[in-house]
Amino acid sequence: MEWQGWFSLALTVGALGVLTVTRIAPHLVMMGVLTILSALGILSANEALAGFANSGLVTVAAMFIVAAGIHGSGGIDLLVRKVLGQPTSIRAALGRIFAPVILLSGFLNNTPVVATMIPAVHAWSRKIKIPPSKLMIPLSYTAILGGTITLIGTSTNLIVNGQYQSLTGETGFSLFSITAVGVPVALAGIAFIWIFLPKWLPDHSDKKAFGNLREFTLEVAIDPNGPLVGQTVTEAGLRHLERVYLAEIERQGTILTAVPSEQVLHGGDRLVFAGETQAISDLLRINGISPSPENGGRTVLNTDRAERRLVEAVVSPHCAAIGQKIRDAKFRDRYGAVVLAVARNGERVKGNLGTITLEAGDALLLEARPAFVSRQRYNKDFLLINDMETEAPRHERAYLAWGILVTLVMAAGLGIISMLNAALIGAGLMILTGCCSVSQAEKSLDLTVIITIAASFALGTALSKTGVADFLANNIIGLSGGSPWLMLILTYVAVSLLTESITNNAAALLMLPIVLDMTEKAGLNNEPFVFAIMMAASASFATPLGYQTNLMVYGPGGYHFKDFLKVGLPMNVFIGAVTLGVLMVGWPLVQS
């Protein structure tokens with residue numbers, strides 16, 4: 001290889017290292033790589049930016065909007081309500097979850113599917129008296145398996161197909177090309193979940209992180225004859241307390257939420273603080289504050305009020321507040337909400353609430369105004385908004401949204417139009433028919449994912465153009481001793497390990513040019529190897545960070561990191577073995 005090849009290889013290793021050991025967002029890392037490759041002339045401008053015009057990427061973006069139409073019309077809720085029913089055991093409950101989740105994830109991006117299912121399954125689990133921790137990981141795993149049964153089931157399949165078309169000049173794969181692999185693997189995975197996970201998953205039914213509001217809120221009253229009457233919250237010295245901060249005020253039966261600094265205090269106001277409950281003695285030392293009457297043992301927050309919403313939200317990897325202390329994140333100003341408590345690994349984080357540094361996957365208990373839920377439902381800062389005062393969804397366009405989805409799937413599946421055109425037309429119809437608004441469609445486009453995918457194309461192209469893919473392919477052939485089945489196993493294992501370290505899309509795009517070079521040199525049929533890449537990039541079960549839906553259920557299930565390792569590692573090995581077995585039996589590895 002020339003210097004361009006060695007530099008591209010070093011850049012690849014460096015990018016992998018940065019993504020693995022730092023908190024720098026993948027889209028920033030991959031855009032940095034694209035910039036370097038273009039600036040040094042290793043790639044031309046057209047080559048560097050080709051990913052942004054790739055048909056697979058555009059199809060992914062259009063399918064985000066189709067999923068938003070199903071979600072926004074209440075289509076998923078409609079299906080869930082008709083299917084879940086009243087099972088009497090954990091395995092029976094799992095059996096009710098499998099069908100709708102597999103169906104939905106096969107044709108929609110599984111992130112909105114799981115986001116919609118989590119609050120439904122959580123409420124359902126309480127109703128049927130089964131711990132949420134027994135159902136949340138199976139929900140995520142089933143969605144991952146469902147995404148493997150069609151080419152549009154996951155963004156990874158689409159972008160691998162798009163890159164495959166670019167690198168080979170061939171027409172690519174049809175909508176159901178991967179179904180012959182995905183269906184048997186999904187069925188085997190469901191059987192594994194149904195048999196083993198009810199025993200292996202923890203029972204966290206008695207560990208409700210936000211179960212008792214009195215554990216992390218405290219109340220005081222403003223003395224009507226004290227010096228604080230007529231002062232603002234800031235003037236009274238109540239805004240920047242060390243161990244607690246002001247969440248709300250009850251005044252003559254009215255609730256003032258997300259209290260601003262300039263709010264004037266009145267005599268008799270009842271103030272609710274969030275933070276360390278042991279700090280009550282510090283508050284009572286302030287001249288003008290007196291103990292609040294207990295009102296029969298019920299706190300202000302225990303009383304239902306129209307002016308207030310209590311909301312559980314899971315922090316998204318895209319949240320702007322990640323890495324910041326709650327006090328510095330300015331939740332009150334940014335979101336119109338106040339953090340009452342934080343749960344991590346299924347347990348409430350104790351200590352000074354304002355100094356807690358937020359992490360992806362944290363579950364937050366928020367107190368907000370009623371408009372918060374509708375305003376934030378499509379905001380990328382939260383993967384889940386679980387409104388604790390649930391509202392009935394509107395279903396007047398649900399059947400229409402389902403009709404649009406079925407029509408586009410049939411049109412693409414029968415080859416009447418391409419998947420790209422089917423997805424674009426479907427997205428347009430979702431907006432035109434009001435299944436989702438323009439705003440919802442815009443917010444459904446996960447720009448960080450789209451940018452990461454598009455920029456990853458550049459690194460894959462550089463590996464192919466500079467001879468790195470050829471170099472690595474020769475080494476893999478040498479390592480395998482020319483054995484086709486060993487090459488297939490090495491391909492699957494390499495993609496699987498990369499997926500646990502970096503994003504699944506980036507892992508697939510990096511490996512594809514290497515695998516195509518390898519199969520061409522060894523005279524092998526590239527189809528089973530490409531399917532191995534698709535399957536391995538999706539089959540990420542071992543950590544909550546390996547796949548986005550795993551992270552989404554992490555907080556609501558009350559899980560610890562070790563819970564994923566306990567069930568996910570055997571699941572990874574089992575699914576890998578089944579996938580490789582299906583590919584070896586169903587496809588000739590050697591080109592005829």
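Please treat every number below as a calculation from the coordinates, not as lab data. In this text the structure is predicted, and so the values were computed from the model without any measurement. Virtual Cβ from ideal backbone geometry, glycine too; neighbours counted across all protein chains shown.
Taking the square root of 5 times each eigenvalue of the Cα gyration tensor, what semi-axes in Å does the equivalent ellipsoid of the chain have, largest first?
48, 26, 22
Pull out the extension gain between Glu2 and Asp223, defined as 0.36 nm times the separation in residues minus the alpha carbon to alpha carbon distance; nm, one decimal.
71.6 nm
Calculate, for Leu103 and Leu447, the FRET efficiency according to 1/(1 + (r/R0)^6) with r their C-beta to C-beta distance and R0 45 Å; round to the nearest 0.05.
0.95
Please work out the FRET efficiency for the pair Thr232 and Asp381, using the Cβ-Cβ distance as r and a Förster radius of 41 Å; give the result to the nearest 0.05.
0.90
For region 110-168, which trypsin sites (Lys or Arg not before Pro) pass both filters: DSSP loop (anything but H, G, I, E, B) and at most 16 other C-beta atoms within 10 Å?
Listed in order of number, the matching sites are Lys129.
Which distance in nm do the two modelled labels at Asn421 and Gln591 give, with both placed 7 Å along the Cα-to-Cβ direction?
Result: 3.1 nm between the two label points.
Based solely on C-alpha atoms, express the radius of gyration and the Dmax of region 472-592 in angstrom.
In order Rg, Dmax, the Cα atoms of region 472-592 give 15.4, 52 Å.
What FRET efficiency comes out for the pair Thr168/Ser261, r = Cβ-Cβ distance, R0 = 60 Å, nearest 0.05?
Taking R0 as 60 Å, the efficiency between Thr168 and Ser261 is 0.45.
Residues with amide H under 5 Å of Ser174's amide H, sequence separation 5 or more or different chain, H placed in the peptide plane at 1.01 Å from N; which?
The answer is none.
Ignoring everything except DSSP H segments at least 4 long, calculate the 222 nm mean residue ellipticity for the chain; use -39,500 (n - 2.57) per segment, divide by total residues, nearest 500.
My calculation for the chain gives -17000 deg cm²/dmol from helical runs alone.
Give me the percent relative contact order of the chain, please, defined on Cα pairs under 8 angstrom at least 6 residues apart.
After rounding, I find 22 percent.
Under 5 Å between amide hydrogens, which residues at least 5 positions from Cys435 or on another chain qualify, with H placed 1.01 Å from N in the peptide plane?
Distant-sequence amide H within range of Cys435: zero hits.
Loop sites only, by DSSP: take the GluC sites (Glu not before Pro) in the chain that have at most 11 other C-beta atoms within 10 Å and name the longest stretch containing none of them.
Segment 397-592 is the longest.
With a cut-off of at most 16 other beta carbons within 10 Å, and DSSP calling the residue loop, which trypsin sites (Lys or Arg not before Pro) in region 1-87 qualify? Please list them.
Sites meeting the loop and neighbour criteria: Arg23.
Is region 1-114 best put as rounded, prolate or oblate by its Cα gyration tensor, with a ≥ b ≥ c the root eigenvalues, rounded for a/c under 1.5, and otherwise prolate when a/b is larger than b/c, oblate when not?
Since a/c reaches 1.5 and a/b is larger than b/c, the shape of region 1-114 is classed as prolate.
Any idea what angle helix 110-127 forms with the longest principal axis of the chain, computed on alpha-carbon atoms, 0 to 90 degrees, nearest 10?
Once rounded, one gets 50 degrees.
With just the Cα atoms defining each centre, how far is region 13-54 from region 432-469? Give it in Å.
Here the two parts' Cα centres lie 13 Å apart.
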